[in-house]
């Protein structure tokens, strides 16, 4: 039983692996284009997609990562979200693909790279059959198809997180400074897409360093190299925000997240938003502060960062005043995150978020999730028995997702960080289950019928 290196489990692929992976990728691209054209074509943008598009336009025009002041003035620097996704959209603009519908089609191709990575990731774990099964989940899973059509950052996030896992597992196979630096770089790119990936530096980086070497000195050096790779990618953005925004911050969205997650509605078990997010409080609190409360430090006006800090203070103050309610709220958040608590209410929230939800696709995503979860648990048991070190790496994004939800709110969209790991484990569980059923069936078929002459009275 292999609890160690993955070298023995990466044989040469059979001749059907590459064509199968190519076919799944083409099918995935087609489905994403169909979703963009049939359900999203011409839709007005709101929420995060509108922000990404506006910032991409300013980047393309040479104004940097900025937004028009008050929606119509001269562009001013912003850090409301990490920068990578808008930068990708600006690259499309530079290629002449400048409308949201153009971006949807282009993202269909970019997002489908996640199918390829999942195929190689699954092959690395337990062979080519697992690889194609994981790629199939990525190709046809509703929660994998939607982001590109909705112009959401998960379009590239669901490429980067599998890349993080693949580079980390290759460090398990053959640790080197270069490979550890690459893990840091990929985590940095993921964090510049969605901020919760920042937790992987600790939740994946520390176990990876411990697994890769038995010497504490070597572990320390490998960890430092990983951090250096991460800093190389994220450092310039943090430095820019110190200069432009007044603080080393990954984004200025944390305050609005906290104030919308910690209020009466989200802490009341009788409220449909229990454990979720209250957008009314989010915008209402910001409007009240800007209109009625003077800016801190005798400043002439509020900034993104000072407003985020003030809103975050309101949220954390509410949390401290309701500590006895937190265990129940956190449990509800986890239930919403994994789709096992009040899924109907969370479906409504998901569809309303950013004005981009498509009910039939969201419902399909819920049903698929309910099928994948028990398979993922089974796949986790299989990996625990066969390749425990790999399992430690694979579950890191799942743990990170659970922690993020417990501290903020439960949402289907938050699950994007965990989706590649869930798909991978579900692929393992499904293949092992099917193989077990086929083996049982073959045993029954090969048992010869008893000779009636030899049967006693």
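Laboratory data are not the source of any read-out in this text; all were calculated from the coordinates shown. In this text the structure is predicted, and so the values were computed from the model without any measurement. When we count neighbours, we look across all protein chains shown, and the Cβ atoms used for this are built from the backbone with ideal geometry, even at glycine.
Assorted remarks:
- Radius ratio Rg over Rh of segment 149-209, counting only Cα atoms, Kirkwood formula for Rh: 1.01
- Rounded to 10°, Cα long-axis angle of helix 326-337 versus longest principal axis of the chain: 60 degrees
- For segment 218-370, the calculated P(r) over all alpha carbon pairs, in 5 Å bins from 0 to the bin holding the longest distance, is 2, 8, 13, 14, 14, 13, 13, 13, 7, 2, 0, 0 percent.
- Here the spin labels are modelled as points 7 Å beyond Cα on the Cα-Cβ line, and at residue 316 and residue 94 they lie 3.8 nm apart.
- Panel values: segment 24-143, Kirkwood radius from alpha carbon pairs, Stokes-Einstein at 20 °C and 1.002 mPa s, translational diffusion coefficient 135 µm²/s.
- Descending semi-axes in whole angstrom, ellipsoid equivalent of segment 285-358, from the Cα gyration tensor: 32, 19, 8
- Between 0 and 90°, nearest 10: helix 359-386 axis offset from the chain longest Cα axis: 60 degrees
- Residues 81, 63, 298, 313 arranged by fewest to most Cβ contacts within 10 Å: 298, 313, 63, 81
- Contact order, relative form, for the chain: 18 percent (alpha carbon pairs under 8 Å, 6 or more residues apart, mean separation divided by residue count).
- Degrees between helix 100-111 axis and first principal axis of the chain (Cα, 0 to 90, nearest 10): 40 degrees
- Helix-only mean residue ellipticity at 222 nm for the chain, each DSSP H run of n ≥ 4 adding -39500 (n - 2.57), per residue, nearest 500: -22000 deg cm²/dmol
- Scaled radius of gyration (Cα, divided by 2.2 N^0.38 Å) that segment 9-437 gives: 0.98
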